[in-house]
Amino acid sequence: MRVNGKPFRTIWLSPDPLIVQIIDQRHLPHEFIVEDLVTVDDFARAIKEMHVRGAGLIGATAGYAMYAATLAAPEDGSQSYLDQAAKTLLATRPTAKNLAWAIDRQQRAIAHETSLAAKRARALAVASEIADEDAEFCRRIGEHGLSIIQQISEAKGGRPVNVLTHCNAGWLAFVDYGSATAPIYAAQRAGIPVHVWVDETRPWLQGSRLTAWELGQEGVPHTLIPDNTGGHLMQHGMVDLVIVGTDRTTRTGDVANKIGTYLKALAAHDNQVPFYVALPSSTFDWQIRDGVREIPIEERSDTEIKFVSGQAKSGNIETVLIAPESTSGANYGFDVTPARLITGLITERGITPAHEADILALYPENR
Ligand code: MRU
């Protein structure tokens with residue numbers, strides 16, 4: 001998607017193919033900083049400390065990290081080096097399924113090659129495949145999701161369709177297009193008027209810092225709202241549908257997403273507002289059935305709750321304390337929305353009810 005009119009992805013290979021580059025998202029929307037990632041530790045730090053974040057992009061970054069691991073692996077003992085790299089990467093963030101999925105895909109591909117040179121070539125090809133596939137699957141999610149927005153637009157006689165979204169499931173959370181935002185961008189391109197309610201998404205503020213920024217760059221009308229506003233808007237008919245992303249979805253359709261998503265789903269259910277979850281198949285966890293019991297939920301430092309960073313009037317980025325210093329906080333990164341609250345899952349293969357039989361009808365290879 002575009003940054004100041006210029007097309008960008010969130011991760012790419014520099015002309016020197018040894019260097020992977022990312023947009024360091026910690027600095028948005030105030031500064032646009034491109035970072036080089038070279039060593040496995042660079043990649044692990046970038047994922048853990050959220051230079052890159054969002055399930056799809058975490059997966060794509062892990063794919064390139066395994067390629068970097070093959071470059072650094074010694075001729076003797078390359079397998080144990082690669083195993084250790086995979087372990088380091090897996091330990092960075094626990095919730096997004098795409099992380100383990102990408103590492104596993106790389107490990108299986110590399111294992112087929114005998115020489116280190118062949119492993120390097122294969123890992124580069126697979127990393128690029130993962131990134132390109134992520135972008136293409138999000139593009140297809142956009143095409144499928146467009147039909148939902150189109151129908152609502154027709155029912156509203158062409159008045160703007162109001163979509164509420166939580167966190168950032170935009171192109172910044174993937175390689176391109178985004179999952180929740182892909183149908184919105186597709187609608188915008190099709191000339192359908194849309195307006196997005198953007199939850200600010202405490203405490204990391206993915207909504208105000210990232211979603212508002214990327215929608216603005218694409219010229220999509222949007223309004224930033226405090227996280228607690230959605231229920232009120234739904235009660236007053238001001239939300240036509242909710243679309244969110246997900247970090248891990250069970251085979252039965254339970255969805256883990258950024259903390260607060262569950263409350264939006266409850267409010268949507270109470271107000272008969274359609275609640276859709278957009279995801280590429282790399283986010284399904286085919287091994288588990290009960291999201292609340294089985295999806296690992298990341299807990300992060302309470303400094304993310306107690307301190308806020310932003311641009312001061314001076315133009316400098318400053319960090320301020322917004323709670324008593326001695327107060328401790330609980331910072332759960334994600335919650336689980338049960339399948340019964342979800343109208344449908346928008347995938348690269350089409351839209352399905354969040355029911356095991358329907359999901360498996362789309363993905364019969366996982367029966
Ligand atoms: O903590 P983050 O910023 O990595 O969390 C991101 C989200 O919760 C997104 O909504 C999610 O990844 C789904 S879209 C990839």
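Got a number for residues in region 107-120 being open to solvent by less than 60 Å² (accessible area, probe 1.4 Å) and in a helix (DSSP H, G or I)? Don't jump to the end; show me each part of the working.
If we filter region 107-120 for residues that are open to solvent by less than 60 Å² (accessible area, probe 1.4 Å), which is where we start, we get 109-110, 113, 115-116, 118-119.
Imposing the further condition that a residue be in a helix (DSSP H, G or I) reduces the set to 109-110, 116, 118-119.
Result for region 107-120: 5.
How many of the residues in region 297-316 are open to solvent by 50 Å² or more (accessible area, probe 1.4 Å), part of a loop (DSSP other than H, G, I, E, B) and either more than 16 Å from the ligand (Cβ to nearest atom) or not aliphatic (A, V, I, L, M) (or both)?
4
Take region 163-202 and flag every residue that is surrounded by fewer than 21 Cβ atoms within 10 Å (Cβ to Cβ) and more than 21 Å from the chain's Cα centre (by Cα).
R189, A190, G191, I192, P193
Look through T10, T61, T70, T39 and report the one residue that is free of Cβ contacts under 8 Å to residues at least 60 places away in the same chain and within 21 Å of the chain's Cα centre (by Cα).
On the way: T10 fails: free of Cβ contacts under 8 Å to residues at least 60 places away in the same chain; T70 fails: within 21 Å of the chain's Cα centre (by Cα); T39 fails: within 21 Å of the chain's Cα centre (by Cα).
On inspection, the qualifying residue turns out to be T61.
Residue pairs, Cβ under 6 Å, 6 or more apart or interchain, first in region 340-367 and surrounded by 15 or more Cβ atoms within 10 Å (Cβ to Cβ), second charged (D, E, K, R) and at pLDDT 95 or above. List them.
Final answer for the pair search is E348/R140; T352/D358; E356/R251; L360/R367; L362/R349.
The values are calculated or read from the model by the stated rules, or taken from the named source; none is laboratory data. From a predicted model like this one, the values you see are computed outputs, not experimental measurements. Reconstructed Cβ throughout: ideal geometry from the backbone, glycine too, with neighbour counts over all protein chains shown. We work out accessible area using only protein heavy atoms, side chains counted, and drop any ligands, DNA or RNA first. Shrake-Rupley method; radii C 1.70, N 1.55, O 1.52, S 1.80 Å.
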